[in-house]
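The values are calculated or read from the model by the stated rules, or taken from the named source; none is laboratory data. In this text the structure is predicted, and so the values were computed from the model without any measurement. Cβ: placed from backbone, ideal geometry, glycine included. Neighbour counts: every protein chain shown. What goes into the accessible areas is simple: the full protein's heavy atoms, side chains included, and nothing from ligands, DNA or RNA. Shrake-Rupley method; radii C 1.70, N 1.55, O 1.52, S 1.80 Å.
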Amino acid sequence: MARALSAQDLFGLRLGGAVQALADGRVLYLESSLDRKDNTAHSRVMALVPGRRPVAFTRGPHDSAPRVSPDGRWLAFLAGGDGPSQLWVMPTGGGEGHQVSDLLGGVRSFAWSPDSRSFALVTLVEGGRLQSASTKPRTDQERHTAGVRLASHAFYKLDGEGLFGPGEAEIVHQPLVGSPRLLTGLGARIGRVAFSADGRSLWFIRQSLDLPDVDWSELWQLELNSAAAPRHVAGDSVWSVDDVIPDPLQDRLLVIASDPAKLGYGNDQLYLLGPGQDRLRLLSDLDRPIGDLSVCDLVPPGGPSVIWPQGQAMPYALVSTEGRVDVIEVPLDGTAGKTLTRGDHAVHALAVHPKGLVVARSTAQEPSEIVMLTQGRERVLHRLNTAFLRRHPPQAPVRFSAAAAGGPSVDAWVILPKDPVGQRIPAVLSIHGGPMMMYGRTYTFEFQLLAALGIAVIACNPRGSQGYGEAFCSAISEEWGARDQADLMAACDQALASFPLIDPRRLGVSGGSYGGFMTTWLIGHSRRFSAAHAARSVTDWRQMAGSSDMFWYWHRRLGGHPWQDQAGWVQQSPLSYVDQVQTPVLIEHQEGDLRCPIGQGESYFTALKALGRVAVFVRYPGEFHGMTRDGKPWHRVHRLALLSDWWRHFLLGEPASSALAPHLGTASAGERVS
């Protein structure tokens, strides 16, 4: 029986991804869910025979990165527990799994060798030597100072990971049976690692920890049975390498790369590096980015953006375009590739199956499904949330377009509550983060929750979003809060015109990260909104310049240092306009956020309180920037419940909840018009 959605229903969803296919037709995929008791995300590998219900293949509860060996006999995966993740393997034909690695630094990523007899692992190494995971601190001092960190590199922390060290990321050669061998000692960050087709060398991505090269991820090669030092490949290239995909049969590889000078407003593109070459050749300029850049609050287990299966004439790639994520073929002669998927969806992972392609995808009304693609035909193998959707039927988004004066047409959507019965309804303008991301054709739990409350959602992809071409994305590279603001307001105006049930006197605005920036920017420049919710926002660029994990990026974006010329830094900071704010605002921040540190929220909150404005500050301990997608489950549920209370009070006119009432005093629902 259908019933209204609530915040705790988040626990009822399951997401599938990281698909793999076996020669006998079985499909393996990683399934994730949220556990109430453990307050963690659980994940395990599932096995699916087309036409049957899936069964558990690994035990979980913290398995990740499943990869079938080239000979098809083994499944390797990472398994987490009390310590860092280690590498495990189990026979694909059935049987018990066994642990392969035993490394103090754990395993961050891995690659199978072409002969399926060994691995290249990336692990953290301290003091230039490998240590067992069972190694314990030897003295009281070591035990009680284990969390102390010294930093001398410019790049010494990363949101989602924390402070670096002790130890550096290095590459290890690990036989399927036998002892590991340390291969590198580069003192840098090591990203993706992959074997060459003949298994004699490794390709890997190296990132410097120091300025001025910290934005460049370089392509390197290492000969396995040689004393020669690793060499930097394509050393004269201006590109930053994001991923490498070797040809499984020949000595060549695909490279996903971007131009760091474009500060993320360009497109990740595919390049080919031929045998013995040091220069990358662009395969096809799609003017769309390679990879899945859709954004929502339900993130399924992903996989590589490009696969190059053995025996296939062409690789396959994910590409983000106009809110969709599709699969394309990539011809090696530089001609345009054929799009293999159609429809309003976002494909998150793909694998070659004996009968075609198998993909994991989501749609606006289907959080997660596994689909077979055979010669242009689709067959749904498994929907992970059939019972959930029967209890909580989703509201379908209605797509429309809007254009600001002199600007391009932008994609926008409205999600209306079910059966509004002719009465006028409030709405929330939701702004995505990035800004170089895009709202996709995906199921967003928060949007469905708002619709269940009787509140419409307005969402759009303003200039600055990815998926619409480089010119569209880079249109705001020099200034936030101008063209993007015009597009957002145009979408809001068009929604009011196209959906007259929406009450223009009861509008809210909400966003996180860049969306939080735009929320605080809008309420400092307009009194149109009755209430606001600003999450993990940027409010003061001068403070960001010295505290963000990517501080150098903000220096480059704003064209200098804040101690040289502060005019641009001040003009672009929502804190500069805080005295104009009259809108009640709920400020949300995560205490462990290293991308937009919590001082951003603190500064904005204390300024509003000094001005006597209505503001409530909620802080989530032990959480990084991405809490809404991968944080502790009960924190995510608390956030959704608090947001529901906030909008109920200020947009629906209900009495403040017991959680909010002590913090609002006499503040009541208000109306704002432009």
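A few notes on this one:
- Between the residues Val89, Leu13, Leu373, the greatest Cα displacement towards the positive end of the dipole of the chain, with unit charges on the Cβ of Lys, Arg, Asp and Glu, is found for Leu13.
- Partners of Lys37 within straight-line reach, counting lysines whose Cα lies under 28 Å from its Cα and excluding those fewer than 8 residues away in the same chain: Lys632.
- Distance between the range 93-117 and the range 61-79 - C-alpha centres, whole angstrom: 8
- Dipole magnitude for the range 109-215: about 340 debye, using +1 per Lys or Arg Cβ and -1 per Asp or Glu Cβ, origin at the Cα centre.
- Shape category assigned to the range 561-650 from the gyration tensor of Cα positions, a/c cut at 1.5: oblate
- A viscosity of 1.306 mPa s and a temperature of 10 °C, combined with the Kirkwood radius over C-alpha pairs in the Stokes-Einstein formula, give the range 1-150 a diffusion coefficient of 90 µm²/s.
- Between the range 469-498 and the range 20-54, the C-alpha centres lie 40 angstrom from each other.
- Shape call, the chain: gyration tensor on alpha carbons, a/c limit 1.5: prolate
- Listed values for the range 5-22 are Karplus-derived 3J(HN,Hα) couplings in whole Hz (6.51 cos²θ - 1.76 cosθ + 1.60, θ = phi - 60°), namely 6, 10, 4, 6, 5, 4, 5, x, 8, 10, 10, x, x, 6, 5, 9, 10, 10, and x replaces Gly and Pro.
- A straight Cα-to-Cα reach below 24 Å connects Lys262 with the lysines Lys157, residues fewer than 8 places away in its own chain not being considered.
- For the chain, the Cβ-based charge dipole about the Cα centre amounts to some 1680 debye (Lys, Arg positive; Asp, Glu negative; other atoms uncharged).
- For the chain, calculated [θ]222 nm from helices alone, where every DSSP H run of n ≥ 4 adds -39500 (n - 2.57): -4500 deg cm²/dmol
- Gyration tensor (alpha-carbon) shape descriptor, the range 499-634, a/c threshold 1.5: oblate
- In the context of the full set of protein chains, residues of the range 1-143 present 50 Å² of accessible surface per residue (probe radius 1.4 Å, heavy atoms only).
- When peptides 596-606, 142-152 are sorted by average Cβ neighbour count within 10 Å, with the highest value leading, the order is 596-606, 142-152.
- Whole-angstrom gap from the range 137-191 to the range 295-354, using each part's C-alpha centre: 34
- Taking Lys and Arg as +1 and Asp and Glu as -1, the other residues whose beta-carbon sits under 15 Å from that of Glu588 total 0.
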